[in-house]
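Colleague: Starting off with a structure, shown below.
Each value in this text was obtained by applying a stated rule to the coordinates, not by laboratory testing. These figures come from a predicted structure and were not determined experimentally. Positions of Cβ are backbone-derived with ideal geometry, glycine not excepted, and every protein chain shown enters the neighbour counts.
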Amino acid sequence: MQPTFPHIRFWGTRGSRPQADEKFSQFGKQTTCVEIELPQQILVFDAGTGFYDFSDNYMARSPEGQKPLAVFIGHMHFDHIIGAEQAAVMFNGAIKKTVFGHHLQWDSSGRAAKTGDFATDYERLFSEPYSPDLAKKHVEMGKVALHDLGDHIDQTMKLPDGYTVQFLPLHHGQGLALGVRLQHGNERYCILTDLSLHNYPETERGQVADFCQGANLVIADGMYVRDDFTKMPFLKFFGHSAAEDLIDLCAAAGVQRLLISHHPMASDTDLVTRESFLQNYAAQKGYRVDVALARTGNYDIPPQLKKERGLVPV
């Protein structure tokens, strides 16, 4: 059997807040949301403002294209979940969908510990006084199933398509986000939003590298560059990585391609310049990892990589 690759679409690539001006169009205006379509279901990673566009597109698909949904919320910050509040798909009870999340924090020993309940957090966020009690409508009208990953992060989730999903707690400032690894045979795809590598002791960065070892594709939060932290040290409090640190880590882990996401409030022109700077950084280091900034729309594995690995679509 030939190795396969899934269909990947970026509906949101921004971090923290969406943008409106056309000068942000090339790399995308909406906050984080990534769709991975498998033969029997659709996975969505984070439901930022890009989830509204995903929902509109999904609802316009043919019945055959409206596969069951599994939505994974890496953490409960607004830019990763606010799109779920009023998206049409969340009110359609005919579509099977599960929203996975957690209420995990780092304990005093540095371990991920369950300190609350995801369903309670979800209901509180999308209820008065913050929302017009839409969490109840999601569950009652939309038949949304809320699943807490807090007790299962050490377990491997098996999907009906032969894929597996594994999780890794990530440092995100003082908080915790969940990284995800999707695997099918030897094919690996890792999603690491949000992530602040500068919050890791050097000895623990290896855990992230091990999680990404040999991945075909890593999608990760590289909102800043090192010079940003030098000029504005307070940015380190926001919990996002310098892209050069990500490149170093992915090169050491033998990652084939790194797509940097969670973009700052920078125009397309500025991001093109940043992308070139980061590609030059990788080249000067002699790294083999291919580096690019994520853009809204369909993602396709570079033709040369497909040829080398004999990849075919799922």
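Colleague: Determine the alpha carbon to alpha carbon distance for each of Lys137/Lys236; Lys231/Lys285; Lys67/Lys285; Lys114/Lys285; Lys114/Lys137; Lys23/Lys96 and list only those over 31 Å.
Modeller: The answer is Lys137/Lys236; Lys67/Lys285; Lys114/Lys285; Lys23/Lys96.
Colleague: Over the stretch 2-52, consider all pairs of different Cα atoms and compute the Kirkwood hydrodynamic radius from their mean reciprocal separation; express it in Å, one decimal. Can you show the working numbers first?
Modeller: Numbers: mean 1/r = 0.0853 Å⁻¹.
Taking the inverse mean of 1/r over all distinct Cα pairs, the stretch 2-52 comes out at 11.7 Å.
Colleague: So, one more: Could you work out the helix-only [θ] at 222 nm for the chain, with each DSSP H run of four or more residues adding -39,500 (n - 2.57) and the total divided by the number of residues, to the nearest 500 deg cm²/dmol? If you can, show how the numbers build up before the last one.
Modeller: Numbers: 9 runs with 79 residues, N = 314.
Rounded to the nearest 500, the figure is -7000 deg cm²/dmol.
Colleague: Go through Asn57, Gly15, Ala84 and say which Cα lies farthest out towards the positive end of the charge dipole of the chain; charges sit on Cβ, +1 for Lys and Arg, -1 for Asp and Glu.
Modeller: Of the candidates, Asn57 comes out farthest on the positive side.
Colleague: Count charges around Met141 for me, please; just the other residues with Cβ under 13 Å from its Cβ, Lys/Arg as +1, Asp/Glu as -1. Mind dumping the intermediate values first?
Modeller: Working: positive: Lys97, Lys136, Lys137, Lys143; negative: Asp133, Glu140.
Charge balance in the 13 Å sphere: +2.
Colleague: Here's another thing I want to ask about it. Considering the options Thr120, Asn298, Phe24, tell which one lies farthest towards the positive end of the dipole of the chain, charges being +1 on Lys and Arg and -1 on Asp and Glu at the Cβ, about the Cα centre.
Modeller: Asn298
Colleague: Among Met157, Met223, Met76, which one shows the highest mean-square fluctuation when the chain is modelled as a Gaussian network with alpha-carbon springs under 10 Å?
Modeller: Among Met157, Met223, Met76, the largest GNM mean-square fluctuation belongs to Met157.
Colleague: Quick one: if the Förster radius is 35 Å, what FRET efficiency do Thr164 and Ala252 give, using the C-beta to C-beta distance and rounding to 0.05? Before the final figure, lay out the partial values.
Modeller: Numbers: r = 24 Å, r/R0 = 0.68.
Computed FRET efficiency for Thr164 and Ala252 comes out at 0.90.
Colleague: Something else about it: If packing is taken as the average number of other Cβ atoms within 10 Å across a peptide's residues, how do 263-270, 200-207 rank, most packed first?
Modeller: Values: 263-270: 16.8, 200-207: 11.9.
The peptides rank, most packed first, as 263-270, 200-207.
Colleague: I've got another one for you. Provide the packing ranking of 58-69, 25-36, 209-220, i.e. peptides ordered by the mean count of other C-beta atoms within 10 Å per residue, highest first.
Modeller: For the peptides 58-69, 25-36, 209-220, the packing ranking is 25-36, 209-220, 58-69.
Colleague: Now for a separate question. Using the Cα centre as the reference, give the magnitude of the dipole from point charges on the C-beta atoms of the stretch 4-308 (Lys, Arg: +1; Asp, Glu: -1; all else neutral), rounded to the nearest 20 debye.
Modeller: Working: 29 positive and 38 negative charges, 89 e Å.
Here the stretch 4-308 has a charge dipole of around 420 debye.
Colleague: Could you compute the FRET efficiency for Asp21 and Asn186, with r as their C-beta to C-beta distance and R0 at 45 Å, rounded to 0.05? Numbers along the way, then the final one.
Modeller: Working: r = 42 Å, r/R0 = 0.94.
That pair, Asp21 with Asn186, gives E of 0.60.
Colleague: Any idea what diffusion coefficient the chain gets from Stokes-Einstein, in µm²/s, Kirkwood Rh on alpha carbon pairs, 10 °C, 1.306 mPa s? Provide the component values of the computation, followed by the final result.
Modeller: Working: Rh = 19.8 Å.
Value of D from the Cα-based Kirkwood radius: 80 µm²/s.
Colleague: Could you compute the net charge surrounding Arg226? Neighbours are other residues with a C-beta less than 9 Å from the C-beta of Arg226; K and R count +1, D and E count -1. Mind dumping the intermediate values first?
Modeller: Numbers: positive: none; negative: Asp227, Asp228, Glu244, Asp245.
Here the count lands on -4.
Colleague: Sticking with this one: Using alpha-carbon positions, what is the distance between the centroids of the stretch 92-162 and the stretch 203-277, in Å?
Modeller: Computed from Cα coordinates, the inter-centre distance equals 27 Å.
Colleague: State the answer as a single residue: which of Gln213, Ser267, Ser196 lies farthest towards the positive end of the charge dipole of the chain, with beta carbon charges of +1 for Lys and Arg and -1 for Asp and Glu, about the Cα centre.
Modeller: Farthest along the dipole direction, towards plus: Gln213.
Colleague: What does the extension gain come out to for Ser109 and Asp151, with contour length at 0.36 nm per residue minus their alpha carbon separation? Mind showing how you got there, number by number?
Modeller: Details: separation 42, 0.36 × 42 = 15.12 nm, distance 1.79 nm.
Using 0.36 nm per residue and subtracting the Cα-Cα distance, I get 13.3 nm.
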